[in-house]
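A short write-up of the structure that comes next.
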Amino acid sequence: MPVIALVATATFVGIAYRLLRGRGHRVLGRQQIELRRLRPTKNGNLSTELGKQATLLQFSTQYCGRCPSVRRQLAQLESQHAGISHLEVDITDRINVAARFGITQTPTIFLLNAKSELVYRVGGIPNVLKLNQELEKLGVK
């Protein structure tokens, strides 16, 4: 009987994890993100330039298998919409950054408004349709 309960619990946790992975959520209380402290890059060069309307801030690691495809997705979004910027922060050797922002998986994406305030976050591969909806809420066309 204990084995059946263990299997049922593990199955439930696994299904819940798969359903929730990659889902984003709005962030209450506008936390200001100080880009200069994070040292983000754009195309391999240091950059702290915010988008005029929104910034997609991607947290990645060198060992993240999904990060390159997400990087391409976000770069494509950036090219499709005027007023947004895509920056990336490598947290491979920066556990303090991961701990500060509660990052438990990569990629993790923060959507920042024009004032560099965190308004939306996604852990895992983002749903591009949902990201577009959130960008529209910030006035991105």
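Looking at the range 62-93 only, could you name the residues that are among the β-branched types (Val, Ile, Thr) and either under 18 Å from Gln133 (Cβ atoms) or in contact with a strand residue (DSSP E or B) (Cβ under 7 Å, 6 or more places away or on another chain) (or both)?
Passing the criteria: Val70, Ile84, Val89, Ile91.
Would you confirm whether or not the range 11-28 contains a residue that is at pLDDT 90 or above and surrounded by 17 or more Cβ atoms within 10 Å (Cβ to Cβ)? Steps first, answer last, please.
Here is the first cut: in the range 11-28, the ones at pLDDT 90 or above are none.
Taking every residue of the range 11-28 in turn, none turns out to be at pLDDT 90 or above and surrounded by 17 or more Cβ atoms within 10 Å (Cβ to Cβ).
Every residue in the range 121-134 that is without any contact (Cβ under 8 Å) to a residue 40 or more places away in the chain and either assigned to a loop (DSSP other than H, G, I, E, B) or not aliphatic (A, V, I, L, M) (or both), please.
Quick first cut of the range 121-134, residues without any contact (Cβ under 8 Å) to a residue 40 or more places away in the chain only: 129, 133.
Passing the criteria: only Gln133.
Can you list residue pairs whose Cβ atoms sit under 7 Å apart, with the first residue in the range 28-39 being in contact (Cβ under 8 Å) with a residue 40 or more places away in the chain and among the β-branched types (Val, Ile, Thr) and the second being surrounded by 14 or more Cβ atoms within 10 Å (Cβ to Cβ) and in a loop (DSSP other than H, G, I, E, B)? Count only pairs 6 or more apart in sequence or on different chains.
Short answer, once both residue conditions are applied: Ile33/Ser116.
Here's a check for you: in the range 68-120, which residue that is in a loop (DSSP other than H, G, I, E, B) and of a type in the set (A, V, I, L, M, F, W, C) is surrounded by the fewest Cβ atoms within 10 Å (Cβ to Cβ)?
For the range 68-120, the residue satisfying everything is Ala82.
The values are calculated or read from the model by the stated rules, or taken from the named source; none is laboratory data. Note that this is a predicted model, so its numbers are computed, not measured. Using ideal geometry, Cβ is built from the backbone for each residue, glycine included, and neighbour counts are taken over all protein chains shown.
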